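Quick notes on the structure that follows.
The values are calculated or read from the model by the stated rules, or taken from the named source; none is laboratory data. Here the structure is a predicted model, which means the values were calculated and not measured. Heads up: the accessible areas ignore ligands, DNA and RNA and are worked out on the full protein's heavy atoms, side chains in. Shrake-Rupley method; radii C 1.70, N 1.55, O 1.52, S 1.80 Å.
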Amino acid sequence: MPLRETLARVDADLAAGRVPVARQRLRGLVSSFPYDLTLRRRLAEVYRLYGDAAEAGRWMYLEADRNADETAAFEARYGSAGGRMKALAWRGPEAMAATAFAEGQLVAVRSACAEDLGHPVDWDDPASYRDGLEENYEAPSEPWTVSGVLAGVGCLVGALAFLAIWVNGVVALFD
């Protein structure tokens, strides 16, 4: 699907309140067009709708006018330079960046990762910086909600009902 058509669908999804669908479309576009900073900016705007400062900071990391709190949240969530390299989802040389600031950020992250690991790393070779991703990422825990508990209980009841029907069927088979 062409870029303009996909962006039109993103706008329609956002206008209709389908934020998760818009987010997925934008993630796909960023994956297909990693050098397009406007797509990254739009994705950051969607994550702000979720209230996820770390992800907004992730997608604004290459912008000079980024929010300092979002950047700090991104750097805290992706603590290592290798983790940041993976999170930024960049491909190719830093020279492909649209701005000098973005290029400088990419060079700084890659250089820090290479220094941490003690060998050169490359954006196009995730295996070169995979060693820096050994730390376990743990998503921030949130308090339980009534809807979450009800959903869990519903799944448990459904699984038990399925098991009871299955056992009943096996017993009837040998009767």
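Key figures
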quantity	calculated
Which of Arg58, Arg130, Arg23 is most accessible, then next, and so on - probe 1.4 Å	Arg130, Arg23, Arg58
Solvent-accessible heavy-atom area per residue, rounded to whole Å², over the chain at 1.4 Å	61 Å²
Computed lengthening from Ala76 to Leu160, 0.36 nm per intervening residue step minus Cα-Cα distance	26.1 nm
Semi-axes of the equivalent ellipsoid for region 1-111, Cα gyration tensor, largest first, Å	23, 17, 11
Rounded percent of accessible protein surface that carbon and sulfur make up, the chain, 1.4 Å probe	59 percent
Helix 37-50 axis, angle to the chain major axis (alpha carbon atoms, nearest 10°)	40 degrees
Cα-based helix-to-principal-axis angle, 3-15 vs the chain, degrees rounded to 10	60 degrees
